[in-house]
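A quick write-up on the structure given underneath.
The values are calculated or read from the model by the stated rules, or taken from the named source; none is laboratory data. Please read these numbers as outputs of a predicted model, since none were measured by experiment. Cβ placement follows ideal geometry from the backbone for every residue including glycine, while neighbour counts extend to all protein chains displayed.
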DNA sequence: AAACTATGGTGATTATAATGAACCAAGAGC
DNA sequence: GCTCTTGGTTCATTATAATCACCATAGTTT
């Protein structure tokens with residue numbers, strides 16, 4: 001369904017910094033013909049995925065998305081479950097914590113609890129987290145079905161900082177380490193001066209469906225902090241799993257007791 | 001873009017009472033071929049709009065919707081816009097006011113402004129408001145797409161008080177009255193001793209996406225109060241529409257001037 | 001004010017992608 | 001062990017979406 005994929009990929013072009021587009025701009029950014037783009041937008045407009053400013057004729061995401069998101073949340077209330085866990089995580093670590101779930105080829109931040117410190121890492125809700133460059137992604141891949149991992153490793157990796165792991169072998173190493181530790185760590189791979197540590201969130205079959213992450217400014221990071229955050233993350237991930245009735249793989253449970261003494 | 005429309009209309013088949021489908025069931029309900037349906041689902045799965053239970057192979061709405069909804073909320077902050085309107089409504093009426101948006105098969109309260117009086121109706125944020133038993137629901141249905149109304153009237157209506165309207169014909173009457181008046185009224189249909197009056201909130205297509213409601217203890221309710229609240233609600237609803245850039249149906253505007261003199 | 005430019009939007013031809021009946025494989029129920 | 005149903009696949013046929021030149025309009029520049 002090439003057409004559907006193209007249409008949906010139009011939606012991915014919207015971001016917080018680029019919340020509205022004119023037809024021409026959107027078509028160009030998508031690499032599609034103007035007419036094609038227009039027709040797709042019209043189709044999505046009919047379903048409320050896109051709406052158009054009556055005056056400026058600019059296109060933006062539509063209110064229909066809210067409805068579907070609330071519906072999804074009504075049937076699978078993950079965010080409600082995760083939010084309090086996240087808040088406690090942010091309190092205990094003093095750093096910003098976020099939760100991300102798989103959405104297409106990347107993770108998407110769906111809940112954030114900001115650090116109370118004045119100097120902190122800010123995470124925008126809705127942020128796309130590439131699998132290879134973030135701890136969230138690594139933790140997710142470490143417990144994702146092998147097929148997903150292989151597919152991910154087959155894609156080409158964008159470089160975000162000079163410390164981004166762009167070599168598949170390198171990424172695989174990070175993933176393997178994360179599988180053993182239960183947490184993934186990425187040092188300044190996505191944003192400069194930020195270290196991520198993340199634990200996976202599981203679905204009913206014991207596969208990762210997302211990740212819980214603590215983001216720390218490099219200035220506050222140390223070996224001690226890292227161990228402490230790791231232990232807290234594993235507890236938090238187990239907590240989420242218990243509340244959602246999902247099943248982490250057996251070996252993940254054992255990490256809790258021996259946790260980084 | 002027939003293909004895109006068909007694909008998106010698949011998403012509209014999900015509801016709170018029908019949150020998951022097998023391939024065959026979904027294809028049948030959509031009136032599409034299995035193969036076609038499958039390909040569309042796969043395309044949407046790639047973008048996180050749909051996810052599939054790994055064990056049961058059932059399809060449900062995906063986490064990618066959460067991301068886009070968050071993004072939309074970041075660009076058009078509906079709740080932020082509604083809150084001050086609600087605040088003023090509560091001040092002017094002296095009663096608790098709340099806003100609710102469609103979430104599954106009921107409305108969900110997303111913002112509340114409590115009355116300052118000591119004797120007041122309390123509304124918990126997140127409260128589920130059934131469509132047939134609350135003014136919010138009636139006002140919503142009065143301006144919802146006909147398909148939504150018919151579907152709602154097809155469901156069984158739970159009784160909450162001895163004044164709850166549980167007969168579809170009775171509910172339809174309330175809805176029709178609400179369509180004419182611009183506001184829905186429910187007298188002790190959900191909680192005893194409480195009268196709700198509500199005006200619809202519109203989306204970009206001129207359909208209701210929720211409602212603005214004032215809840216009044218029966219002891220303070222009178223014909224005068226009712227007219228006054230109705231007029232204030234219509235003004236508030238129009239105010240919200242203007243601030244959000246959404247489009248109430250033309251005839252709704254006219255209610256403002258003649259408002260319950 | 002006239003000419004210019006960039007924008008959103010349209011229409012008919014052509015190339016492409018969607019379709020659907022028949023077909024498989026696998027699990028559930030008897 | 002057989003059957004029935006379900007998810008998923010295949011490939012010739014057919015309907016559909018991409019394309020490109022074009023139009024209308026609003027804002028700018030000269």
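Numbers below:
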| quantity | calculated |
| --- | --- |
| Any hit, region A:135-146, residues being surrounded by fewer than 18 Cβ atoms within 10 Å (Cβ to Cβ) and farther than 12 Å from residue A:211 by Cα | yes |
| Region A:1-32, residues that are loosely packed, with under 15 Cβ neighbours inside 10 Å, away from chain B (no Cβ under 12 Å) and more than 8 Å from DNA strand C (Cβ to nearest atom) | A:28, A:29, A:31 |
| Scope region A:72-100; condition part of a helix (DSSP H, G or I) and out of contact with any strand residue (DSSP E or B) (no Cβ under 6 Å at 6 or more places or on another chain); matching residues | A:73, A:75, A:78, A:80, A:81, A:84, A:85, A:88, A:91, A:92 |
| Unique match (being assigned by TED's automatic domain parsing to the domain that holds residue B:167 and either more than 17 Å from residue B:190 (Cβ to Cβ) or surrounded by fewer than 24 Cβ atoms within 10 Å (Cβ to Cβ) (or both)) among B:95, B:91 | B:91 |
| Out of B:61, B:71, B:86, sole residue that is away from DNA strand C (no atom under 16 Å from the Cβ) and touching a helix residue (DSSP H, G or I) at 6+ places or on another chain (Cβ under 7 Å) | B:61 |
| Among the residues listed as A:188, A:226, A:172, A:220, the single one being out of contact with any strand residue (DSSP E or B) (no Cβ under 6 Å at 6 or more places or on another chain), within 15 Å of residue A:129 (Cα to Cα) and surrounded by fewer than 19 Cβ atoms within 10 Å (Cβ to Cβ) | A:188 |
| Cβ pairs under 8 Å, 6+ apart, first in region B:10-29 and more than 14 Å from DNA strand D (Cβ to nearest atom), second part of a helix (DSSP H, G or I) and at pLDDT 90 or above | B:11/A:68; B:11/B:44; B:14/A:68 |
| Residue among B:111, B:43, B:106 that alone is buried (at least 21 other Cβ atoms within 10 Å of the Cβ), more than 10 Å from chain A (Cβ to nearest Cβ), in contact with a helix residue (DSSP H, G or I) (Cβ under 9 Å, 6 or more places away or on another chain) and modelled with pLDDT of 85 or more | B:111 |
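Matching residues to (1) over 18 Å from residue A:73 (Cα atoms); (2) surrounded by fewer than 23 Cβ atoms within 10 Å (Cβ to Cβ); (3) more than 8 Å from chain A (Cβ to nearest Cβ):
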{"site": "B:37", "(1), (2), (3)": "yes, no, yes"}
{"site": "B:49", "(1), (2), (3)": "no, no, no"}
{"site": "B:52", "(1), (2), (3)": "no, yes, yes"}
{"site": "B:55", "(1), (2), (3)": "yes, yes, no"}
{"site": "B:60", "(1), (2), (3)": "no, yes, no"}
{"site": "B:65", "(1), (2), (3)": "no, no, no"}
{"site": "B:73", "(1), (2), (3)": "no, yes, no"}
